[in-house]
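Peer 1: Got a structure for you, written out below as structure tokens; questions coming shortly.
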Amino acid sequence: MEKGETFEMAAFGLNLTVTPYKLDNGEVFSIGFSDGRPPLAVTRTFTGSKVSTILFWQSIPEGRKKEAQLFGAKIDEYLKNKDL
């Protein structure tokens, strides 16, 4: 596992500290929250077949799916805008 550069961003009125980790088959993002809630680890995963694939964000371990989807989408947005 290779640790990437930590970055900070704002989302939903919170300050987030995000650390990416590269794995053999993808990335995991560790998210720290300014409101004191427990950190969240998220990854992009997929479901479907060769014909139709849907990418979505999943928490690790499972159980915080709604947060994973909300904050994962904000990470995507941040990374896309960073590269512009």
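The values are calculated or read from the model by the stated rules, or taken from the named source; none is laboratory data. Just so it is clear, the structure is predicted and the values come from calculations on it, not from any experiment. Note that we place each Cβ from the backbone using ideal geometry, even for glycine, and neighbour counts take in every protein chain shown.
Peer 1: Would you please name the residue that is surrounded by the fewest Cβ atoms within 10 Å (Cβ to Cβ), looking only at residues in the range 44-84 that are modelled with pLDDT of 90 or more and small (Gly, Ala, Ser)?
Peer 2: Within the range 44-84, the match that is surrounded by the fewest Cβ atoms within 10 Å (Cβ to Cβ) is Gly63.
Peer 1: Checking Gly26 against (1) at positive phi; (2) exposed (fewer than 10 other Cβ atoms within 10 Å of the Cβ), which single condition isn't satisfied?
Peer 2: (2) is the only condition that Gly26 fails.
Peer 1: Do any strands (runs of 3 or more DSSP E) lying entirely in the chain carry at least 2 residues that are out of contact with any Phe, Trp or Tyr (no Cβ under 6 Å at 6 or more places or on another chain) and of a type in the set (S, T, N, Q), and which ones are they? Please lay out each step first, then the result.
Peer 2: Numbers: elements: 7-11, 14-23, 26-33, 40-48, 53-60.
It comes to 14-23, 40-48, 53-60.
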